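The values are calculated or read from the model by the stated rules, or taken from the named source; none is laboratory data. What you see is a predicted model, and the numbers here were worked out from it, not measured in a lab. Here the Cβ is made from the backbone with ideal geometry for all residues, glycine too, and neighbour counts use every protein chain on show.
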Amino acid sequence: MVRGVRSSGSRGRVVAAYEVSALVHAADGWLALTKACMALSKALKPKQLDVVLSDSMVRYACSPWRPELRSAQEDLAFAKLGFDDVYGASVSNEWHFAFSLASPGVSRLMVASPKSLFELLATNFSRAMPPVVSIKTGLTQALSTHKNALQREGWLVNVEDDTVTFASWNPTGWTWVNTVRASVHSPEDLRALLLQELTIAGFSSSPTQPISVALNAPMLGQRQPVELVGVRWTLLNAVQARCAPLEVSA
């Protein structure tokens with residue numbers, strides 16, 4: 001599903017929204033995506049595009065600080081080696097890599113998106129669409145939208161239609177990020193997934209030292225998460241944080 005949202009004003013008030021059903025993949029050169037975006041652009045008539053890719057379309061990793069790496073090129077080469085270790089030799093050549101900003105000594109968030117898709121967006125769908133002024137992902141969009149609501153140390157859970165991404169950080173930088181294919185239909189589903197993820201990540205919580213967990217789950221509306229001992233929930237604004245495979249801003 002590809003969704004388009006037209007917004008207006010400095011606060012991004014939504015004035016129109018449409019969605020197009022499409023089976024999006026790289027095998028056809030992203031033709032289905034291009035057709036869906038052309039249809040949305042015709043309906044919404046935007047002047048520029050802010051693109052938000054679903055977390056299911058990208059790969060994340062924590063990129064630890066390494067003082068022996070002395071340039072952006074060396075950072076990228078090291079990230080590609082780690083990527084190939086996970087996904088297969090030379091697979092990284094087919095992906096575009098980006099890193100979060102951070103001070104020296106702090107680990108960063110690494111995001112990899114399909115290179116062919118990134119190039120298509122960077123050229124405004126071969127110059128057939130309004131200019132693409134930003135490309136974000138579901139997770140990075142939620143982080144950007146709600147940065148003032150996030151604690152100095154904690155977790156963010158970003159829930160999409162069939163994908164859930166977990167990320168944690170502390171003063172030393174990013175400590176964990178993982179995306180799972182799962183659908184969340186109730187607060188109970190979310191509770192089970194969070195408990196599973198905390199166990200895998202080796203995190204433990206206690207009433208005296210609760211973990212701060214920010215939740216971005218538009219499909220749950222204003223329903224409160226199930227209480228967990230040692231977890232302090234922050235329910236992010238479902239309207240402002242709405243993440244979609246494609247957002248279009250006028």
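Data overview
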read-out	value
Residue among ARG191, ARG223, ARG181, ARG232 that is more than 23 Å from ARG108 (Cβ to Cβ), modelled with pLDDT of 95 or more and out of contact with any Lys or Arg (no Cβ under 6 Å at 6 or more places or on another chain)	ARG181
Cross-chain or 6+ apart pairs with Cβ under 9 Å, the range 131-142 first and over 9 Å from GLN48 (Cβ atoms), then aromatic (Phe, Trp, Tyr) and assigned to a strand (DSSP E or B)	THR137/TYR60; LEU139/TYR60
Filter result (in contact (Cβ under 8 Å) with a residue 60 or more places away in the chain and surrounded by 12 or more Cβ atoms within 10 Å (Cβ to Cβ)) within the range 170-214	THR172, GLY173, TRP174, THR175, TRP176, VAL177, ASN178, THR179, SER212, ALA214
Pairs with Cβ under 9 Å, 6+ apart, first in the range 18-32 and under 20 Å from ALA43 (Cβ atoms), second part of a loop (DSSP other than H, G, I, E, B) and among the aromatic types (Phe, Trp, Tyr)	VAL24/TRP30
The range 54-85, residues that are touching a residue at least 24 places away in the same chain (Cβ under 8 Å) and of a type in the set (A, V, I, L, M, F, W, C)	MET57, VAL58, ALA61, CYS62, TRP65, ALA79, PHE83
Which numbered condition LEU117 misses (of (1) at pLDDT below 95; (2) of a type outside the set (Gly, Ala, Ser); (3) in contact with a His (Cβ under 9 Å, 6 or more places away or on another chain))	(1)
Matching residues in the range 222-237 - criterion: being of a type in the set (D, E, K, R), touching a residue at least 24 places away in the same chain (Cβ under 8 Å) and in a strand (DSSP E or B)	none
Candidate set from the range 90-147 (those that are part of a helix (DSSP H, G or I) and under 21 Å from SER71 (Cα atoms)); member that is farthest from the chain's Cα centre (by Cα)	ASN93
Where a residue in the range 101-126 is within 25 Å of GLN48 (Cβ to Cβ) and its partner, wherever it lies, is assigned to a helix (DSSP H, G or I) and among the acidic types (Asp, Glu), with Cβ under 9 Å and at least six apart	PRO114/GLU94; LYS115/GLU94; SER116/GLU94
Residues within the range 148-162 that are surrounded by fewer than 20 Cβ atoms within 10 Å (Cβ to Cβ) and either not in a loop (DSSP other than H, G, I, E, B) or not acidic (Asp, Glu) (or both), tallied	6
Enumeration of residues in the range 3-48 that are within 20 Å of LYS115 (Cα to Cα), at pLDDT 90 or above and in a loop (DSSP other than H, G, I, E, B)	GLY29, TRP30
Which listed residue, of ALA43, ALA26, ALA17, is surrounded by fewer than 18 Cβ atoms within 10 Å (Cβ to Cβ) and out of contact with any helix residue (DSSP H, G or I) (no Cβ under 9 Å at 6 or more places or on another chain)	ALA43
Positions within the range 86-115 being surrounded by 12 or more Cβ atoms within 10 Å (Cβ to Cβ) and among the aliphatic types (A, V, I, L, M), in sequence order	VAL91, ALA98, ALA102, VAL106, LEU109, MET110, VAL111, ALA112
